[in-house]
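**Q** Submitted below is the structure of interest, expressed as structure tokens.
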Amino acid sequence: MSFEKLTRRNANWNDQVKEKEYILIAKYLFVAIGCFCLASCTKMPETHYYTLEWQHLSQPVSSSGRVLHIQDFDAAPMLKYDKMMYRTSLYEVKYDNFRRWVMTPGSLLTHKAAHYFERSGLFDAVVLDVPRGMDSFSLFGRVNHFEEMSYENEHKAFISVTFELTNFDARKPLLTITIDKEMPIAGGTVEDIVAAMSETTRLVFDDLTQAMLPLLK
């Protein structure tokens, strides 16, 4: 083969390689532009955070003269997240990535219990820190269920908490009780769900108060 033919053959081969490179680069650019457009057009949903609120009904009560110490509540393993939990069947648990509580259920109910009993007037003080030199009771809770349920033609809020009340100074158990409460959810909006969860929480604390009253006399 002459030198001239060999040169032309190499030139043709180089042109083919360059053409393939250009095609490959064009494909990469096309994919990159497509991904950029998809990311620009697809907006992630905004995450919303919710808390529990209810109307406090003022009732004339006399203080027991004691201090209530509220320990940090614990929660079942499936309730260790701030994501709202819901069930669409008896067996399946789901979490909402974009609707969350402002705290985990255990922490949220700890602070709401403190707020509830502060407003109740049953105690001289309600504290989260360890009380010193005061006649006090200590309340601990374990949240068993804190969820929305939507199956078997029911749409409801369900909350279950096990409470333990002790005489803080004597380390004497006074009360152990599990309270289960549920309430229908009136509509399908997240506000309806949170309102039902709030009222169900209040009912739990109302029942706890009734169980504690004989011990405060």
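Bear in mind that the values in this text are calculations on the coordinates, not laboratory data. Keep in mind that this is a model prediction, so the values were computed, not measured. Positions of Cβ are backbone-derived with ideal geometry, glycine not excepted, and every protein chain shown enters the neighbour counts.
**Q** What value does region 118-217 have for Rg/Rh, both radii from Cα atoms and Rh as Kirkwood defines it?
**A** Numbers: Rg = 16.3 Å, Rh = 15.2 Å.
Radius of gyration relative to Kirkwood radius: 1.07.
**Q** Then there's this: Could you please rank Ser107, Ser136, Ser63, placing first whichever residue has the fewest other Cβ atoms within 10 Å of its Cβ? Could you put the intermediate results ahead of the total?
**A** Values: Ser107 16, Ser136 20, Ser63 12.
Lowest count first: Ser63, Ser107, Ser136.
**Q** Show the residues, 5+ positions off or on another chain, whose built amide H is closer than 5 Å to the amide H of Arg66.
**A** Those lying under 5 Å, H to H, from Arg66 are Asp124.
**Q** Relative contact order for region 70-217: what percent, with Cα pairs under 8 Å and sequence separation of 6 or more?
**A** Working: 268 pairs, mean separation 30.3, N = 148.
That works out to 20 percent.
**Q** Testing the spin-label approximation: label points 7 Å from Cα along Cα→Cβ at Val93 and Tyr49. State their distance in nm.
**A** 2.3 nm
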